[in-house]
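Notes for the one structure printed next.
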Amino acid sequence: MTALALRPCPVEAFNARARRERWPVVCCAPPHFDSGALADIAAIWDFVRGDQALPVRSEFSARALGRHMGCVTFIDLVWQPAAMTPRYRMGFFGSRLSVYAGDLTGRFVDEAVDAELVPTWHAEFAVAAALLAPVRFVSRVRAFRLDLASAETLLAPLANASGEVGGFVLAAAFSR
C-alpha cells in the first residue's frame, strides 16, 4: 500500500470532523450544484484554468464572470510567518453577498465571522486546497445574521504567481 493510499480523503475527513464538532455543513466532491449560477461559475473556473493546474485570480475578469460577479468573493491566502499560519482576506466581496453581510472587502475571515465559525471556514479552505478543484458545501448559515438560511457554496482554489494555492474564489446561493 502506498503512502497516498493511507492518506484520508479530504472530503471524508472534513465530513467526519463536521459531524464530530457538530458543524451544520456537508462537503460534496466532485460537486454537482443545484444552483445554476454556481454550476456556471464552476464551468468558468474550469475554462479559465485551461491547461494549468489552477487558474490565476487575474484571469477572472468581470467579462468572464458576467452576471455572476455579484455572488462572488475572491479570498487571498495571507501567510503569517510569525504565527506560522495562514489568514484569509476577502479581496473582493460581491454586491449580492454584501446584502447579507455588509461589504467585507479587505476584511479577514477571522474578523468577519464569529470566532466559533473560523475553524469551519479554515477547514473548508483546506479541503479545496487539497483537492485543487472546486468543492461544494451545503450548510445552514449561522453567520451574517442569516440563522434561518441555508447555503450552497462553491469554493475553488486559485494559484499565486508561483503556481501554488494563493487564494480562492467563493460563490454562494442562499435559500430559506
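Applying the selection to segment 132-166, what residues are at pLDDT 90 or above and on the phi > 0 side of the Ramachandran plot?
Leu132, Gly163
Specify the residue that is surrounded by the most Cβ atoms within 10 Å (Cβ to Cβ); the eligible residues are those in segment 49-76 that are under 9 Å from Leu158 (Cβ atoms) and of a type in the set (A, V, I, L, M, F, W, C).
For segment 49-76, the residue satisfying everything is Ile75.
I'm trying to understand the selection: among the residues of segment 60-78, which are of a type outside the set (A, V, I, L, M, F, W, C) and either farther than 25 Å from Asp110 by Cβ or in contact (Cβ under 8 Å) with a residue 40 or more places away in the chain (or both)?
Hits for segment 60-78 are Ser61, Arg63, Gly66, Arg67, His68, Thr73, Asp76.
Identify, by number, the condition in (1) touching a Gly at 6+ places or on another chain (Cβ under 8 Å); (2) more than 16 Å from Leu170 (Cα to Cα); (3) hydroxyl-bearing (Ser, Thr, Tyr) that Thr105 doesn't meet.
(2)
Where residues in segment 93-106 are surrounded by 17 or more Cβ atoms within 10 Å (Cβ to Cβ) and out of contact with any Cys (no Cβ under 9 Å at 6 or more places or on another chain), which of them is nearest to Ala151 (Cα to Cα)?
Per the stated criteria, the residue is Ala101.
The values are calculated or read from the model by the stated rules, or taken from the named source; none is laboratory data. Keep in mind that this is a model prediction, so the values were computed, not measured. Positions of Cβ are generated from backbone atoms using ideal geometry, with glycine treated the same way; all protein chains shown enter the neighbour counts.
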